[in-house]
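Let me begin by presenting the structure, written as structure tokens, before commenting on it.
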Amino acid sequence: LGRLVLATSVLVASPPRSGADAARPVTTGTDTLRWTACPAESPDDARLGLPRADVLCATAAVPVDHARPDGRTVDVLVRRITATDVRTGTVFGNPGGPRDARGHWNDAIDPDRISPLDELRRTHDLVIVQPRGLAGSGAISCRPAGVGPATVPVTTAAAACMDADPELVSSLTTENLVRDHEHVRRAMGLGPITFIGTSYGTAMGMAYQALFPDSIHRMVLDSSVGPSDMLWHDFYRVQMEN
């Protein structure tokens with residue numbers, strides 16, 4: 001992670017050396033994903049006028065186990081908001097959680113909001129890869145059979161998740177989420193991307209930089225999860241106990 005600099009709560013990748021922008025390829029191959037206008041899947045989507053021509057969706061079949069690329073796959077949802085002018089790059093983002101990422105870039109298409117994303121979107125496509133296990137990406141039900149909509153204890157929900165699909169649940173790791181993003185980047189035929197992560201998305205960003213440094217052009221990590229903070233496993237264990 002040598003190129004990352006910690007500043008207050010924001011972790012920012014250092015800019016490239018002079019002249020690197022001009023040499024950096026926006027694409028390196030052919031986009032193999034099949035894009036269609038995203039359907040309206042939430043009240044916010046409907047308010048923003050989906051389906052619309054500048055908000056596109058595709059699915060990418062990613063390996064459940066990236067060490068076995070010819071084994072079982074899961075279809076993950078990819079949502080892309082297209083640049084309003086000449087595209088000079090692509091930004092991938094994750095809002096943290098892990099939680100539903102489909103509306104992460106909605107401020108960029110909201111006419112009622114003035115957002116820093118407006119300028120970013122002028123020259124960049126904005127992309128999310130919905131994390132595996134969530135809606136549109138092999139969603140897993142964590143409600144035990146026969147249980148109504150009342151609150152389910154965390155331990156009971158965790159057991160129901162594992163019972164539903166042990167192989168997929170066991171694959172829900174930060175490394176696999178990063179590898180899913182990299183799989184999508186390659187499927188889209190993209191050169192190095194910019195990555196913006198918030199909260200848990202910063203853990204993803206740091207892992208991305210470590211695993212695929214040549215795939216990252218710039219990175220912004222907001223509300224960073226520091227390497228000395230409580231491990232996520234410990235955090236969830238405390239949640240279960242309380």
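The values are calculated or read from the model by the stated rules, or taken from the named source; none is laboratory data. Since this is a predicted model, take the numbers as computed values, not measurements. In this analysis, Cβ positions are derived from the backbone assuming ideal geometry, glycine residues included, and neighbour counts consider all displayed protein chains. Quick note on the areas: whole protein, heavy atoms, side chains included, nothing else; ligands and nucleic acids left out. Shrake-Rupley method; radii C 1.70, N 1.55, O 1.52, S 1.80 Å.
The slack in the chain from Thr73 to Ala61, taken as 0.36 nm per residue of separation less the alpha-carbon distance, amounts to 3.7 nm. Between Ser115 and Leu172, residue separation times 0.36 nm minus the direct Cα-Cα distance comes to 17.3 nm. Expressed as a whole percent, the accessible area of the range 94-211 that falls on carbon and sulfur atoms is 56 (1.4 Å probe).
With a simple spin-label model that places each label point 7 Å from the Cα along the Cα-to-Cβ direction, the separation between Met162 and Asp107 comes to 3.9 nm.
As a calculated quantity, the FRET efficiency between Asp222 and Val152 at R0 = 51 Å, using C-beta atoms, amounts to about 0.95.
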